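Trainee: One structure, as structure tokens, below. Some questions next.
The values are calculated or read from the model by the stated rules, or taken from the named source; none is laboratory data. What you see is a predicted model, and the numbers here were worked out from it, not measured in a lab. Counting neighbours? That spans all protein chains shown, and the Cβs are built from the backbone with ideal geometry, glycine included. Just so you know, the surface numbers come from the protein's heavy atoms only, side chains and all, with ligands and any DNA or RNA stripped out. Shrake-Rupley method; radii C 1.70, N 1.55, O 1.52, S 1.80 Å.
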Amino acid sequence: MKKVYLSILCAAAGFAHADSGHVSPGSTLTTGPVSNGHALYSATHNPAVAALTVGKDENWRIAYLPSISFSTEVGDVNDFVDELDELIDILDDSSLATDSIEETLDRFNRVLKEMGENGYAKVGVGITAPIFPIYWRPSEFSGTFFMEAGVDAQVRLGLLDQPLVYDDQHESFSTGSSAYLKSGIEKRISLGYAKPMLDERKSAEYGGQLYAGAKLKLMNLELSKQVMRLQLLEGRDIEDVMEDEYDNNLKSTTNIGIDVGVSWVTRFYSAGFTLKNINSPSFKYGTVGVNCAQYEEGSFGRNNCEAAAYFAFEAGEINAYEKHKKHATATVDGSFYPTSFWSLSASADLASYDDIVGMETQMFNLSTAINTKSLWIPDIRLGYHKNLAGSKLASAAVGLSFFDTVTLDARIALDEVTIDGDKAPRSVAFSIAFEEKF
């Protein structure tokens, strides 16, 4: 199964050169994590919303089919992966350089430095299990039990740069620059409960109802890091080497996380507050650059291990012993309902955090949605998203819901890079999900 996920991601990374956290499923890709009981996946962000997801005369609500989400993001460096592949070819055969020695050195030393500072390619895939999430409310006035299950995978490719030099004696180019890959597969199953806590709808004209919820998540993370010297790839594509070497330094860790949330809902507006991973669970990466003597002298593994040791213990650019810690994060959200079919929403993370491949994230989201209340006329959503940390990327999103069941959402960055001479957005994401609306 690991190979299947990695193959998907590597294929997507190859497409990316022709965007913590997880890729939001369903309509939340456009709206963000707002307290919306009509959106089945909203409760995956704020557990209190689970109390709103089951219809008045129903006891169950399920997702039927799996949701699939995908995202890709590249750094602010043009032709990042293409440039790396070309350099790998030249390192393997110096005759492939189309420029003079001096021009080749000037070009790639400039490129290597820029890549080391800003270059990365990141791909994410999220899949929920069939029928999940499941919501069960025993009676109209009781709380709601719910269960979630899914898998998220992320791969991030960056560069640890060292100068490119030319050896006159051997008439060849060489560099200590290395590709730096971080990857992770997160499998999780969650159990939660939410219920109404306070009802002020009868005592005040504009009164509302307070909901609270909590969720326990059992998470298994398989985290891997690889350092691969470009000099040793011998003309092979980085994607192929990533797949071949994936199991090296892989570490599997299981831990639990706890989320809590509240949501205040009135006829005209709603507001929510969520605390995720309040126990701050941590997960281990496999070590790199340690005990290199276990590899045969001069082997591919030995040379890569020694390169990792250099970047970890001499250059200080990476951590040989690393843990991914899911720090406690807080998110606030609010929605305003000018009419019964139109909503305006916003949400914001109150602090930054790292996703499982070390990308700093702090999202701000604005959105509007129109519920046509028709089986034949699709609902429509529009959104604006901004990462206030890390990449600082801003994106626009659009979503449609068909036949009260199928949701299609897409997001595209407002910043561009040049790919093979053409302009392309720095990030793209999409999601398809199946969720009954009531």
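Trainee: Take the alpha carbon atoms of the stretch 134-150, find their center, do the same for the stretch 77-126, and report the distance between the two centers in whole angstrom.
Mentor: 52 Å
Trainee: With r defined as the distance between the Cβ atoms of residue 405 and residue 100 and R0 fixed at 45 Å, what FRET efficiency is calculated, to the nearest 0.05?
Mentor: The computed FRET efficiency comes out at 0.15.
Trainee: Under the Kirkwood approximation applied to all pairs of distinct alpha-carbon atoms, what is the hydrodynamic radius of the chain in Å?
Mentor: 23.2 Å
Trainee: Once the piece of chain linking residue 240 and residue 370 is laid out straight, how much longer is it, given 0.36 nm per residue of separation minus the C-alpha distance between them?
Mentor: Contour length minus Cα-Cα distance gives 42.3 nm.
Trainee: Output ³J(HN,Hα) for the stretch 98-113: one whole-Hz value per residue in order, computed from phi by the Karplus curve 6.51 cos²θ - 1.76 cosθ + 1.60 with θ = phi - 60°, and x for Gly and Pro.
Mentor: 7, 9, 5, 4, 4, 5, 5, 4, 4, 4, 7, 5, 5, 5, 4, 5
Trainee: Considering only protein heavy atoms and a 1.4 Å probe, what is the carbon-and-sulfur percentage of the accessible area of the chain?
Mentor: Ligands and nucleic acids excluded, carbon and sulfur reach 56 percent.
Trainee: Counting only heavy atoms of protein chains, what accessible area per residue, in Å², does the stretch 301-372 have with a probe of 1.4 Å?
Mentor: 47 Å²
Trainee: Once you have all Cα-Cα distances for the stretch 209-349, histogram them in 5 Å bins from zero and send the whole-percent values.
Mentor: P(r) over the stretch 209-349, rounded to whole percents: 2, 8, 13, 13, 12, 9, 8, 8, 8, 7, 6, 4, 2, 1, 0.
Trainee: Between residue 295 and residue 252, how high is the FRET efficiency from 1/(1 + (r/R0)^6) when r is the Cβ-Cβ distance and R₀ = 22 Å? Nearest 0.05.
Mentor: Numbers: r = 22 Å, r/R0 = 0.99.
Approximately 0.50, to the nearest 0.05.
Trainee: How much accessible surface area, in Å² rounded to 10, belongs to the heavy atoms of residue 229 with a 1.4 Å probe?
Mentor: 70 Å²
Trainee: Let me ask something else. How much net charge surrounds residue 53 when only the other residues with a Cβ under 9 Å from the Cβ of residue 53 are counted, with Lys and Arg +1 and Asp and Glu -1?
Mentor: Once positives and negatives cancel, what remains is +2.
Trainee: Using r as the Cβ-Cβ distance of residue 166 and residue 284, and R0 as 60 Å, what FRET efficiency do you calculate, to the nearest 0.05?
Mentor: Efficiency, from the Cβ-Cβ distance: 0.90.
Trainee: Considering only protein heavy atoms, with the full assembly of protein chains and a 1.4 angstrom probe, order 56, 217 by accessible area, largest first.
Mentor: Numbers: 56 150, 217 20 Å².
Of 56, 217, the descending order of accessible area is 56, 217.
Trainee: Within the stretch 261-285, whose backbone N sits under 20 Å from a point 7 Å along Cα→Cβ of residue 140?
Mentor: 265-267
Trainee: If you add up the charges near residue 115, with Lys and Arg at +1 and Asp and Glu at -1, over every other residue whose beta carbon is less than 9 angstrom from its beta carbon, what do you get? Don't skip to the answer; put the middle values down first.
Mentor: Details: positive: 113; negative: 83, 114, 117, 161.
The answer is -3.
Trainee: In Å, what Rg and Dmax follow from the Cα atoms of the stretch 47-132?
Mentor: 24.3, 76
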